[in-house]
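Here is the structure we will look at.
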Amino acid sequence: MEVEKILIPSGVLRKVFFRSFFLQSLWNFKGMQNAGFLYVMRPVLDFLYPEAHERKNAYLRHLDFFNTHPYYASYIIGAVCAAEERYASTDSEDDLRRIVETKKILGGPIAAFGESQIWGTLRPFAAVIGVFFIILFSKNITLMWSGPIAAFLFYSSVHIYLRWYGLEDGYKLEDRVFDGIFTGPLRKSFVYMRITAIVLVVFLLVRGFLGAGTSVMLKTVYPVVFIIIALFIRKLPATVLFYAVLIAGGLFARYCY
Amino acid sequence: MTEILCLAVIFGILSCDTVLVGQFMYSRPLIAGPITGLCLGNPYAGFIAGLCVELIWVRMIPIGDSTPPDSTLTAVLAAAAAATAVSRLGIDNFAAVIPALAVSVPCGMVYKLAEIKLRATNTAIVDSIKVKIIRGDFTSVDRAVFYAIIRKFVFGALFFLASFMLVTSLPEGYWRVMDLTRGVEVTMRFIYILCFAQLFEMFLKWK
């Protein structure tokens, strides 16, 4: 007997996309993003399971533990939408298992990848772009706004791209979507971002050194302070370093400068 | 007073962006700092405070409960306190931002700890959602999300108001502490070096 395939309409997927921005609204220490995931999946589950009993089971299975990177989660959400669609058509045990496995197996690796690429590269890179423009236009307060605006636009364009195309690709390709993530062009672009960021940071540091007044004392202290901070940067938390630098700077200015 | 109430509302919105809604990152200090400064008529103080907080804590990543001090509160509070000190006491922007940062960091840490406590209550909310779904109430998760956002907004706004009043009630002598060192520029330059050392570490460490 041929099974009639139920297809999720694009309007429902659009609702899922908008709801994906609320994935972490109910983040908790027990199930982490579980309730957020259910919130995101609600339009799909309501469409696929009109019967109260089936809907209840679908809701409850998405309240199991789930945690991953919030932007890359869209790939998993898309793949789970496709898996739910298939299960609603076939009612097969294998398809049901696939839904649970997609979330369980992929959550961890995607989280680690996202942390490295987004929190570790994209976010600081956007900050470097912003800082670059702020320092470049530091004499003109109006032009300084180009820094935060550029940082926000750059970051948001990548963020929204990942959310939307992640959902679309995940839905179309299901678990095959992850083949390209770890090795594809997206990964390369993050490597280029890191290289560009290092170049910009070096430029800003040198510019700061050249702008350190005409005082020989200050010009000598500049690299010495950098080396001392570099020695302690991995050993001390940022907050401790901040207060140490503040006190050292104050004392140096008071007694040596 | 109206400006401060507006700022509390703005901070409430910004605080939701950090984890709860969207994570568009307009809550990043680099953006939140200048916005705060602009609200108080001194965007320059906001730029300095935002830039320092953004870069000094750039290696902090928002995973679970691992992010004290809260960089958004630290930047917004430092920018607001510095702008207020500049307009009230007529001191230099840099001289106002340094003590403002020094006092905002502990507030950011307390806010982060309080926020983690608040987040811990979500477990009970999620458990109640489960019970409601079993009873057939399928909209309970939507209501819970709405409640969580409103709660975070109100909590953020009130915390900002309380910490702002605390910080601005500090005696004038505190805000003039940089006069004692006679070297605002040097201290700021030290902080500048720390900022870029953190950035270097960030890009060299992450693979």
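The values are calculated or read from the model by the stated rules, or taken from the named source; none is laboratory data. All figures in this text were calculated on a predicted structure; none of them were measured in a lab. Methodologically, a virtual Cβ is constructed for each residue, glycine included, from the backbone with ideal geometry; neighbour enumeration extends over all protein chains shown. Side chains included, ligands, DNA and RNA excluded: accessible areas come from the protein's heavy atoms. Shrake-Rupley method; radii C 1.70, N 1.55, O 1.52, S 1.80 Å.
Can you give me the number of residues within the range A:3-34 that are within 14 Å of chain B (Cβ to nearest Cβ), open to solvent by 60 Å² or more (accessible area, probe 1.4 Å) and assigned to a loop (DSSP other than H, G, I, E, B)? Result for the range A:3-34: 2.
Return the total of residues in the range A:235-254 being at the interface with chain B (Cβ under 7 Å from one of its Cβ atoms) and open to solvent by 60 Å² or more (accessible area, probe 1.4 Å). Residues that pass the stated criteria total 1. All conditions but one from (1) open to solvent by 10 Å² or more (accessible area, probe 1.4 Å); (2) free of Cβ contacts under 8 Å to residues at least 60 places away in the same chain; (3) within 13 Å of A:TYR71 (Cβ to Cβ); (4) not small (Gly, Ala, Ser) apply to A:PHE113; the one that does not is (2).
Say whether the condition of being at the interface with chain B (Cβ under 8 Å from one of its Cβ atoms) and either in contact (Cβ under 8 Å) with a residue 60 or more places away in the chain or in contact with a Leu (Cβ under 7 Å, 6 or more places away or on another chain) (or both) is met by at least one residue in the range A:77-90. Please lay out each step first, then the result.
Here is the first cut: in the range A:77-90, the ones at the interface with chain B (Cβ under 8 Å from one of its Cβ atoms) are none.
No, the conditions are met nowhere in the range A:77-90.
Summed over the range A:159-188, residues that are more than 17 Å from the chain's Cα centre (by Cα), at pLDDT 80 or above and among the hydroxyl-bearing types (Ser, Thr, Tyr) total 1. Screening A:LEU106, A:LEU143, A:LEU136 for residues that are open to solvent by 60 Å² or more (accessible area, probe 1.4 Å) and over 21 Å from B:VAL53 (Cβ atoms) leaves exactly one candidate, A:LEU143.
Restricting attention to the range B:155-198, the residues that are within 20 Å of B:GLY50 (Cα to Cα) and hydroxyl-bearing (Ser, Thr, Tyr) add up to 4. Note on the range A:209-257: residues that are in contact (Cβ under 8 Å) with a residue 24 or more places away in the chain and either under 35 Å from the mean Cα position of the chain (by Cα) or assigned to a helix (DSSP H, G or I) (or both) total 4.
Filtering the range B:143-187 to residues that are open to solvent by 20 Å² or more (accessible area, probe 1.4 Å), more than 8 Å from chain A (Cβ to nearest Cβ) and not hydrophobic (A, V, I, L, M, F, W, C) leaves B:ARG143, B:TYR147, B:ARG151, B:THR168, B:SER169, B:PRO171, B:GLU172, B:GLY173, B:TYR174, B:ARG176, B:ASP179. Scanning the range B:18-39 for residues being open to solvent by 10 Å² or more (accessible area, probe 1.4 Å), among the hydroxyl-bearing types (Ser, Thr, Tyr) and either facing chain A (nearest Cβ under 7 Å) or within 14 Å of A:TRP145 (Cβ to Cβ) (or both) gives a total of 1. In the range B:43-138, counting only helices (runs of 4 or more DSSP H) that sit wholly within it, the ones holding 2 or more residues that are open to solvent by 30 Å² or more (accessible area, probe 1.4 Å) and either in contact with a strand residue (DSSP E or B) (Cβ under 8 Å, 6 or more places away or on another chain) or within 11 Å of chain A (Cβ to nearest Cβ) (or both) span B:93-120, B:122-134. For A:SER156, the criteria (1) modelled with pLDDT of 90 or more; (2) touching a helix residue (DSSP H, G or I) at 6+ places or on another chain (Cβ under 7 Å) hold in every case but one, which is (2).
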